[in-house]
Amino acid sequence: MQAIDDLDLKNLRVTVDDAGIATVSLNRPAKRNALDAATVEEMVALFGLLPRTGVRAVVLRAEGPHFCAGLDLVEHHREDRTPAEFMHICLRWHEAFNKMEYGGIPIIAALKGAVVGGGLELASAAHVRVADASTYFALPEGQRGLFTGGGATIRVADLVGKARMIDMMLTGRVYKGDEAVAVGLCQYLVEDSEAKALDLARAAAENPPLSNFAICSAISHMQNMSALDAAYAEAVVAGIVNTQPASRGRLEAFANKTAARVRPE
């Protein structure tokens, strides 16, 4: 099996702790972590490999004050790509983000500063998004004469709804703070997004890997199905996951009333 250390990563940094939690850092702070073609290729390689390494959860963070400012517009302008060339660039973005969403490992995004354009597309491919007070969300494609190409029409529209996404693209509307939580752009708003993301990753890593795999892949697949097909697929997945050996002790603890109960804080 290929090791993470064998990957030729220049724009991403990866560490894995003793609990199997990988911290993946975007490492182009001078560019506000904008995604150039090379970074996207690194993401395709990394997120394609992680499910086969035993990693139990991922914290996705960034160096510098900003999470990700989106497509590297300087590179895009310099390359002067043809329509076909840019189409293939977009397909690589989709490849990277699909590997994140459907890979079966919980990915918790620790957000700060700009989460803009393709940066929001990246964040929306994570399973949980944690923002801090500096975080702001926007899709300025309309003002720049562009259109989303990395999955915003799929994932961002799913988070906030079609009408809000169109408004963001047409007008440049920016969301932050409690309003961003309220419309669904993030699930948490905290003082330290990285610390909270790590706490959530640790909690998720305590679940059986097969349960996490189903939660972090099957749900997305089922959202793409008809209701009838999704019901069938859900029953099949539940049949496998709910009878796994790793569940037996947990179910016994519940039956014996020794398991922690679900209670509000």
| field | Sorted largest first, extent of segment 65-191 alpha carbons per principal axis (Å) | value | 42, 35, 29
| field | Per-q log10 I(q)/I(0), segment 31-97, q = 0.21 Å⁻¹ (Debye; single scatterer per alpha-carbon; no solvent) | value | -0.97
| Considering only the chain, what is the antiparallel percent among its DSSP beta bridges, to the nearest 5? | 25 percent
| remark: Counting all Cα-Cα pairs in segment 209-255, those more than 16 Å apart amount in percent to 42 percent
| query | What 222 nm value per residue comes from the helices of the chain, counting each DSSP H run with n ≥ 4 as -39,500 (n - 2.57) and dividing by all residues, nearest 500 deg cm²/dmol? | reply | -13000 deg cm²/dmol
| request: Rank the residues Cys216, Cys186 as a footprinting-exposure proxy: fewest other Cβ atoms within 10 Å of their Cβ go first. | output: Cys216, Cys186
| task | Specify which labelled value, from (i) 7, 28, 35, 21, 7, 1, 0; (ii) 6, 26, 30, 25, 12, 1; (iii) 7, 32, 38, 18, 5, 0, agrees with P(r) over Cα pairs in 10 Å bins from 0, in percent derived from the coordinates of the model shown. | result | (i)
| To the nearest 20 debye, what charge dipole does the chain have about its Cα centre, counting +1 at the Cβ of each Lys and Arg and -1 at the Cβ of each Asp and Glu? | 520 debye
| query | Can you give the Kirkwood hydrodynamic radius of segment 152-265 from its Cα pairs, in Å with one decimal? | reply | 17.6 Å
| task | Considering the convex hull of the alpha carbon atoms of segment 74-141, report its projected area averaged over all viewing directions, in nm², one decimal. | result | 5.2 nm²
| request: Quick one: check the C-alpha center-to-center distance for segment 13-35 versus segment 136-202, whole angstrom. | output: 20 Å
| query | For the charge dipole of segment 4-205, defined by +1 on Lys and Arg C-beta atoms and -1 on Asp and Glu C-beta atoms about the Cα centroid, which residue among Val40, Trp93, Phe137 has the Cα displaced farthest towards the positive pole? | reply | Phe137
| note | Output for segment 159-261: trypsin sites (Lys or Arg not before Pro) sitting in coil per DSSP, at most 10 other Cβ within 10 Å, listed by number, reads Lys257, Arg261
| message | Can you compute log10 of I(q)/I(0) for segment 182-246 with the Debye formula, treating each Cα as one identical point scatterer, at q = 0.16, 0.21 Å⁻¹? | response | -0.73, -0.94
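Computed from the coordinates by the stated procedures, all read-outs in this text should not be read as laboratory data. No experiment lies behind these values; they were computed from the predicted model shown. Note that each Cβ is placed from the backbone with ideal geometry, even for glycine, and that neighbours are counted across all protein chains shown.
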